[in-house]
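Peer 1: This is the structure, below, for whatever I ask next.
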Amino acid sequence: MLAQGRDGLGKNAYERHQPEQTLLYQLVEAHYPALVDQLAQQGKSLPDHVHREFEAYLKCGRLEHGFLRVRCDKCHFERLVAFSCKKRGFCPSCGARRMAETAALLADEVFPDVPLRQWVISFPFPLRFLFAAYPQAMGKVLRIVYRAISTYLIHKAGFSLKDGATGAVTLIQRFGSALSLNIHFHILFLDGVYVHRDNRPPRFQRVKAPDKGELEKLIQLISQRVGHCLERQGLLEQDTESAWLDLDPAEDTDATPDKAGWALPHLLGSSVSYRIAAGPQQGQKAFMIRTIRPLDRPDPGLERVAKANGFSLHAGVSCEARQRGKRERLCRYMARPAVAIPRLSLSSTGKVAYTLKTPYRDGTTQMAFHPVDFMARLAALAPKPRVNLTRYHGVLAPNHRWRTFDTH
């Protein structure tokens with residue numbers, strides 16, 4: 001990392017990252033073996049990709065596990081730079097590096113200088129579990145969500161799908177502020193439509209911000225289409241009162257309940273439902289610490305939020321074309337890592353306390369975990385291999401029919 005120079009003039013000096021001194025590293029080193037042993041006593045085990053996530057994290061940034069020697073050609077000064085794990089689950093160092101690189105790429109090279117709007121859609125608890133167990137279903141649902149919002153923007157601009165096109169980048173987040181498994185989509189849309197007519201280069205036309213009524217219609221449409229799609233795939237059963245998942249245990253997936261006694265389905269389900277997955281209080285609701293009074297005033301951020309059937313759609317954050325700094329901050333927020341080490345602490349009773357970024361409306365400011373259950377939370381955040389968590393749509397996709405034109 002970079003630190004201030006000793007001369008106080010603001011010069012940048014390299015300071016080696018020392019993960020072994022962080023609380024998160026010490027917790028994983030001490031309690032991850034306990035989670036593995038506890039599962040083994042129950043005749044269960046974790047999938048290989050979860051084991052690799054923890055093992056790679058314990059080697060990340062440690063010189064004894066590999067390093068690169070950097071040498072200056074002029075003064076011959078040398079430094080040792082330790083290898084990183086480059087995992088996508090819970091490593092804060094690699095997550096922060098990926099956040100900075102992704103934000104710089106999107107802000108400087110991907111998005112044109114036009115207004116942008118962030119659309120955030122979250123899903124009912126059963127679908128969060130489904131997306132973690134069956135990532136291919138998550139891809140189908142994302143296509144439904146993008147088509148619904150894109151069609152809405154083009155029609156609102158007064159054009160047909162043939163003449164107009166929009167674009168977006170989706171960053172799929174797997175975590176909530178309480179380190180729960182909460183797979184949801186952050187979609188940064190161009191806040192308008194590109195129009196292509198008479199063989200002239202596409203021109204951008206802005207669209208007015210959606211009102212609450214439009215969002216309610218959109219989320220109703222999305223929830224219905226998602227339900228019908230998953231029902232056709234045989235993953236969801238619906239009746240007049242409720243819907244439930246109909247997962248095939250014979251399918252080859254890491255989350256299959258009976259595959260080699262793997263414990264991942266239990267960990268995923270507990271994390272999604274805010275329950276304790278491991279330790280002496282297994283199955284109970286996670287312990288929440290309330291330190292402030294419940295908020296009884298209306299939330300001003302709910303002006304552009306709509307909910308239906310367990311789905312939630314938010315479209316209240318935007319930035320103008322000239323706000324390049326805000327654009328990059330928004331991209332950094334969408335690409336942020338799951339675990340923030342400054343919000344992690346150890347209580348006097350030995351519990352792991354994690355402070356929420358924003359207090360819940362009931363006054364909850366912290367979550368408390370038994371150390372072994374905290375390891376189970378981290379295990380649930382590890383994505384399956386080869387699952388793309390960044391998607392490009394519309395005119396920003398590499399194979400769009402208008403890519404021959406410069407939209408920047």
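Peer 1: Pick out the one residue from Leu153, Leu171 that is modelled with pLDDT of 95 or more, in contact with a Ser or Thr (Cβ under 6 Å, 6 or more places away or on another chain) and closer than 30 Å to Pro342 by Cβ.
Peer 2: One residue alone meets the criteria, Leu171.
Peer 1: Which members of region 157-174 meet the condition of being open to solvent by 40 Å² or more (accessible area, probe 1.4 Å) and in contact with a helix residue (DSSP H, G or I) (Cβ under 8 Å, 6 or more places away or on another chain)?
Peer 2: First pass over region 157-174, keeping only residues open to solvent by 40 Å² or more (accessible area, probe 1.4 Å): 158, 160-162.
Answer for region 157-174, where residues must be open to solvent by 40 Å² or more (accessible area, probe 1.4 Å) and in contact with a helix residue (DSSP H, G or I) (Cβ under 8 Å, 6 or more places away or on another chain): Ser160, Leu161.
Peer 1: List the helices (runs of 4 or more DSSP H) inside region 12-121, counting only whole elements, that have at least 3 residues being under 30 Å from Trp262 (Cα atoms) and charged (D, E, K, R).
Peer 2: Because the criterion is at least 3 residues that are under 30 Å from Trp262 (Cα atoms) and charged (D, E, K, R), the helices (runs of 4 or more DSSP H) in region 12-121 that meet it are 48-59.
Per-residue answers, yes or no, for (1) open to solvent by 50 Å² or more (accessible area, probe 1.4 Å); (2) aliphatic (A, V, I, L, M); (3) modelled with pLDDT of 95 or more:
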| residue | (1), (2), (3) |
| --- | --- |
| Thr291 | yes, no, no |
| Leu295 | yes, yes, no |
| Pro298 | yes, no, no |
| Cys331 | no, no, yes |
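Peer 1: For region 385-403, how many residues meet the condition of being in a loop (DSSP other than H, G, I, E, B) and on the phi < 0 side of the Ramachandran plot?
Peer 2: Keep residues of region 385-403 that are in a loop (DSSP other than H, G, I, E, B), which gives 385-389, 395-403.
If we keep only those that are on the phi < 0 side of the Ramachandran plot as well, we get 385, 387-389, 395-403.
Of the residues in region 385-403, 13 are in a loop (DSSP other than H, G, I, E, B) and on the phi < 0 side of the Ramachandran plot.
Peer 1: Looking at Arg128, Arg143, Arg147, Arg97, which is the one that is open to solvent by 10 Å² or more (accessible area, probe 1.4 Å) and either in contact with a helix residue (DSSP H, G or I) (Cβ under 6 Å, 6 or more places away or on another chain) or of a type in the set (A, V, I, L, M, F, W, C) (or both)?
Peer 2: Only one candidate qualifies: Arg128.
Peer 1: Consider Gly176 carefully, then state whether it is free of Cβ contacts under 8 Å to residues at least 12 places away in the same chain and within 22 Å of the chain's Cα centre (by Cα).
Peer 2: Working: free of Cβ contacts under 8 Å to residues at least 12 places away in the same chain: yes; within 22 Å of the chain's Cα centre (by Cα): yes.
For Gly176, the condition - free of Cβ contacts under 8 Å to residues at least 12 places away in the same chain and within 22 Å of the chain's Cα centre (by Cα) - is met.
Peer 1: Would you mind telling me which numbered condition in (1) aromatic (Phe, Trp, Tyr); (2) in contact (Cβ under 8 Å) with a residue 60 or more places away in the chain; (3) out of contact with any helix residue (DSSP H, G or I) (no Cβ under 8 Å at 6 or more places or on another chain) Phe54 fails?
Peer 2: Result: Phe54 passes all but (3).
Peer 1: Right, here's the next one. Residues of region 121-154 being free of Cβ contacts under 8 Å to residues at least 40 places away in the same chain and hydroxyl-bearing (Ser, Thr, Tyr), which ones?
Peer 2: The answer is Thr151, and nothing else.
The values are calculated or read from the model by the stated rules, or taken from the named source; none is laboratory data. Treat the numbers as computed from the prediction; the structure is a model and nothing was measured. All Cβ positions, even for glycine, are placed from backbone atoms using ideal geometry, and neighbour counts span all protein chains on display. Side chains are part of the model used for accessible areas, which takes the heavy atoms of the whole protein and leaves out ligands, DNA and RNA. Shrake-Rupley method; radii C 1.70, N 1.55, O 1.52, S 1.80 Å.
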